[in-house]
Amino acid sequence: MSRVAVYPGSFDPITRGHEDLIRRSLRFADRVIVAVADSSSKSPLFTQDERIQLANIVLAGESAVEVRAFKGLLVDFARDVGATMVVRGLRAVADFDYEFQMALMNRQLYDELESVFLVPALHLTYLSASIVREVARLGGDVSAFVHPEVGRALKAKFAR
Ligand code: PNS
């Protein structure tokens, strides 16, 4: 039986931190589905289609990884794709409350879905998509934190 993990998020945009967690997930999952949330309530910088397109470019070499759009409850999506695990990253104590609350709610809604928390590589621990957006918006160099194609997309967004 193949073990399917869902890695959900806004991915606004996908960073090296996300990439790191996706590759770590492949150590225990046969397939990882990167579930790009609608996140319209968060007024994302990139549209959902743009975020999916960037994730597809970044993850093009990973045959066991699939990028999909999702809207609505994560547990419904997970059930539909046959996932038994949901992967989230824990970077710092600050992430804990929100992640713990989400994990407990997801378990309440769908007990067969197990939440798995991964710790990113040390040099990516303080990385977040929001800080990448902020630095890029102010004209800073984000090349250490995102794939070159994502860097180009950020430049294009803020050049407008
Ligand atoms: O990258 P983010 O923005 O922290 O990702 C948050 C996300 C999309 C994983 C979370 O908001 C989510 O799962 N949304 C779907 C709605 C849902 O299932 N809510 C109930 C669980 S708390």
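The values are calculated or read from the model by the stated rules, or taken from the named source; none is laboratory data. Just so you know, these numbers come straight off a predicted model, no measurement behind them. Please note: Cβ atoms are built from the backbone with ideal geometry, for glycine as well, and neighbour counts cover all protein chains shown. Side chains included, ligands, DNA and RNA excluded: accessible areas come from the protein's heavy atoms. Shrake-Rupley method; radii C 1.70, N 1.55, O 1.52, S 1.80 Å.
The table that follows gives values for the structure above.
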read-out: Hits in the stretch 142-160 (condition: open to solvent by 30 Å² or more (accessible area, probe 1.4 Å), in contact with a helix residue (DSSP H, G or I) (Cβ under 8 Å, 6 or more places away or on another chain) and not in a helix (DSSP H, G or I)); value: Ser143, Ala144, Phe145, His147
read-out: The stretch 120-142, residues that are β-branched (Val, Ile, Thr) and modelled with pLDDT under 95; value: Thr125
read-out: Subset of the stretch 131-150 (residues that are of a type in the set (Gly, Ala, Ser) and in contact (Cβ under 8 Å) with a residue 12 or more places away in the chain); value: Ala136, Gly139, Ala144
read-out: Any hit, the stretch 118-136, residues being in contact with a strand residue (DSSP E or B) (Cβ under 7 Å, 6 or more places away or on another chain) and within 17 Å of Tyr7 (Cβ to Cβ); value: yes
read-out: Count of the stretch 13-38 residues which are open to solvent by 10 Å² or more (accessible area, probe 1.4 Å) and in a loop (DSSP other than H, G, I, E, B); value: 5
read-out: Unmet requirement for Ser41, which otherwise passes all of (1) surrounded by 13 or more Cβ atoms within 10 Å (Cβ to Cβ); (2) within 16 Å of the ligand (Cβ to nearest atom); value: (1)
read-out: Any hit, the stretch 96-114, residues being open to solvent by 90 Å² or more (accessible area, probe 1.4 Å), near the ligand (Cβ under 9 Å from one of its atoms), more than 26 Å from His147 (Cα to Cα) and aromatic (Phe, Trp, Tyr); value: yes
read-out: Residue check for Val58: more than 27 Å from Glu134 (Cβ to Cβ) and open to solvent by less than 50 Å² (accessible area, probe 1.4 Å); value: no
read-out: Among (1) surrounded by 14 or more Cβ atoms within 10 Å (Cβ to Cβ); (2) more than 23 Å from Arg23 (Cα to Cα) - the single one Leu73 does not satisfy; value: (1)
read-out: Restricting the stretch 61-95 to residues that are free of Cβ contacts under 8 Å to residues at least 60 places away in the same chain, among the β-branched types (Val, Ile, Thr) and more than 13 Å from the ligand (Cβ to nearest atom), the residue that is farthest from Thr47 (Cα to Cα); value: Val93
